[in-house]
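What follows is a set of notes on a single structure, which appears directly below.
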């Protein structure tokens, strides 16, 4: 097997692992408004935690580039929302926007996988000896990202299988980007902080604009807050231990 | 571990400076203008973003020192905020009831502000124990973030008929717990250096929980979601970016 093919196959395994994030929803039958609020809060905490990790990595490559990437990420979300034909989600909006939120979370998580794929490829570039360890780590790290996606899709009527499918889809850019990044490490290393900043900016903005306000609308404030805080800190530590 | 240089005075000076900057929050009122409700939402959002950025900085530094201690400290920080909110009956308190003139509301608002500042004090003290530049950075970030927070407090106070000078004084007074906790946190860490990752974790958990339970929820009700998200993400981005020059 050529090293490039190895990187691709390992990357594909990590993508499939993302689908495991849908599994907890097999055991959740009825979905009440409070469960939706919890799902939003948990997805928000997971994405904020993931962004913290990505920012820490991006700023080690370059703080300016990460900041610029972050601004582009925010602009990207604003552009996507405009393209989706949005109306400003002002005060007291009920229902509505479900389709948009589902679309946005898939887009945001898919785009963020591009940056992660580059990060994987660049770290493989150091030598394939650690390949299996890195792959395993990323595969496990992807599971909560699948959970974040499923937490948004499942309460809005998607089946568990569809949740798993979209979760895997969102991670496909990882193997696709890992290979060129592995082959052209030096070029991609320069682009990496922009990509990581972009991913973090897009995720944080999406959480703040779409997920948190909805969570606060549907559950009591302290409950939402504690769920976001615990998942945020938990996600950062989870990624650290891997 | 090498003993820490004695920065107690530096902590005292910078924490006091951070507490005192609250006086600038009175700006719009001193100019004889009120502050509309949607601007209060934005002020809260800027404060929230800076808190998240500060929590990020503390977390990154803390994880380098001890992961388990940071995790346990963060859990304690979250519990501390939840506990004090519940014990004082302020877990659902809105900081935007400009027309609520009851005494109880007035006390609760001042209490919430004082408790809020206490956690920020731990952040300053712990950051100073990491290094002097990081401590100064943290104190300055908290100082700037105290300004929009004080604006919110002053809007409530002046709405209740408190004079502008008096309101500015109360805004600073509500931050006195910040100075106290900064010095105490630093003293404890200096005496027991092993407690540093715990203190950093505590500050992280408390700042995030404060952001999520006090600052963001009411912002969303005062201004459009998009403006709040933009103000928060930009404020957070700037603090994350600036940290690179201090750590």
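The values are calculated or read from the model by the stated rules, or taken from the named source; none is laboratory data. Because the structure is predicted, anything quoted here is derived from the model rather than measured. All Cβ positions, even for glycine, are placed from backbone atoms using ideal geometry, and neighbour counts span all protein chains on display.
Couple of notes before you dig in:
- Search result, residues across segment A:186-212 that are surrounded by fewer than 24 Cβ atoms within 10 Å (Cβ to Cβ) and at the interface with another protein chain (Cβ under 9 Å from one of its Cβ atoms): none
- Residue among B:241, B:202 that alone is within 14 Å of chain A (Cβ to nearest Cβ), free of Cβ contacts under 8 Å to residues at least 24 places away in the same chain, in contact with a helix residue (DSSP H, G or I) (Cβ under 7 Å, 6 or more places away or on another chain) and assigned to a helix (DSSP H, G or I): B:241
- Residue among B:75, B:48 that alone is over 24 Å from residue B:143 (Cα atoms), within 12 Å of chain A (Cβ to nearest Cβ), at pLDDT 90 or above and in a helix (DSSP H, G or I): B:75
- Flag if residue A:14 is assigned to a helix (DSSP H, G or I), more than 14 Å from chain B (Cβ to nearest Cβ), touching a helix residue (DSSP H, G or I) at 6+ places or on another chain (Cβ under 9 Å) and buried (at least 17 other Cβ atoms within 10 Å of the Cβ): yes
- Just one of the listed residues (A:67, A:48) is modelled with pLDDT of 90 or more and within 19 Å of residue A:101 (Cα to Cα), and it is A:48.
- Residue B:65 vs. criteria facing another protein chain (nearest Cβ under 9 Å) and either more than 13 Å from the chain's Cα centre (by Cα) or assigned to a helix (DSSP H, G or I) (or both): no
- Members of segment B:216-227 found to be more than 7 Å from chain A (Cβ to nearest Cβ) and at pLDDT 90 or above, listed by number: B:227
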